[in-house]
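To start, the structure itself, in structure tokens.
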Amino acid sequence: MRLVKSAALLILVGLLTGGCYSFFYATAEEPLNPVFKPYTQVHVSWIAFPEGDWQTYGYATQAEWVGQIQAYNTKGIQKYLKDWVPELQVSGDTAAGQPMPEAGELYIKLTYKALLSGGGPGGSDDLQLDVEFIDIPSKQTIYKAAVAVNSLGVFPRNWGAGTFDGRLDNEVYNLAEWIKIRLGK
């Protein structure tokens with residue numbers, strides 16, 4: 001009986017504190033408390049994961065890894081940002097190396113810095129990026145930050161953390177949430 005009570009207490013504590021973990025944080029940002037005009041259109045840049053690292057991440061071929069990079073950029077960050085902020089018109093780069101669009105409202109430039117492994121399956125990785133919010137009409141950077149995005153997630157996304165692809169997908173998903181929060185949505 002004592003074991004059952006202890007297990008129930010641990011489950012309760014886990015449920016109560018499960019929402020307290022942050023899946024992202026800015027290590028530096030300028031300005032500290034940004035206030036943005038109400039943007040309705042956002043264009044997201046390409047996250048240029050290193051294409052030559054395919055063997056490091058366990059892919060059989062470079063083409064397979066490049067396909068995953070494309071999916072994280074087109075079916076990942078763009079879709080997840082639309083999911084987080086449905087009233088926002090979201091577009092994004094369709095390939096690496098595209099310039100900032102000439103038309104639109106806000107350009108979110110995502111610059112890959114590192115992918116830090118946290119121990120493989122079941123561990124947590126951190127995707128590190130530099131992020132700039134650029135007002136397209138004025139071409140002025142209105143916000144920039146160094147961001148670390150974790151691969152953990154809440155149920156059922158936490159199950160994805162068992163594989164490299166799942167952890168990276170969680171990081172892209174969490175990045176979209178971070179963008180939503182920064183935009184004040």
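The values are calculated or read from the model by the stated rules, or taken from the named source; none is laboratory data. Quick caveat, the model's predicted, so the values are computed rather than measured. Here the Cβ positions follow ideal geometry from the backbone for every residue, glycine too, while neighbour counts run over all protein chains shown. Just so you know, the surface numbers come from the protein's heavy atoms only, side chains and all, with ligands and any DNA or RNA stripped out. Shrake-Rupley method; radii C 1.70, N 1.55, O 1.52, S 1.80 Å.
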I'd like to check something: does the stretch 148-171 contain any residue that is surrounded by 14 or more Cβ atoms within 10 Å (Cβ to Cβ), assigned to a loop (DSSP other than H, G, I, E, B), under 14 Å from the mean Cα position of the chain (by Cα) and touching a residue at least 40 places away in the same chain (Cβ under 8 Å)? yes
Is one or more of the residues making up the stretch 114-132 among the β-branched types (Val, Ile, Thr) and touching a His at 6+ places or on another chain (Cβ under 9 Å)? no
Just to be sure before I move on: is Glu51 farther than 22 Å from Trp178 by Cα and charged (D, E, K, R) in the structure I sent? yes
Take the stretch 133-147 and flag every residue that is open to solvent by 20 Å² or more (accessible area, probe 1.4 Å) and over 20 Å from Lys113 (Cα atoms). Pro137, Ser138, Lys139, Gln140, Ile142
Filter the stretch 95-122 for residues that are among the hydroxyl-bearing types (Ser, Thr, Tyr) and at pLDDT 95 or above; which is farthest from the chain's Cα centre (by Cα)? Tyr107
Open to solvent by 50 Å² or more (accessible area, probe 1.4 Å), under 30 Å from Lys37 (Cβ atoms), at pLDDT 95 or above and out of contact with any helix residue (DSSP H, G or I) (no Cβ under 7 Å at 6 or more places or on another chain): is that true of Lys185 in this structure? no
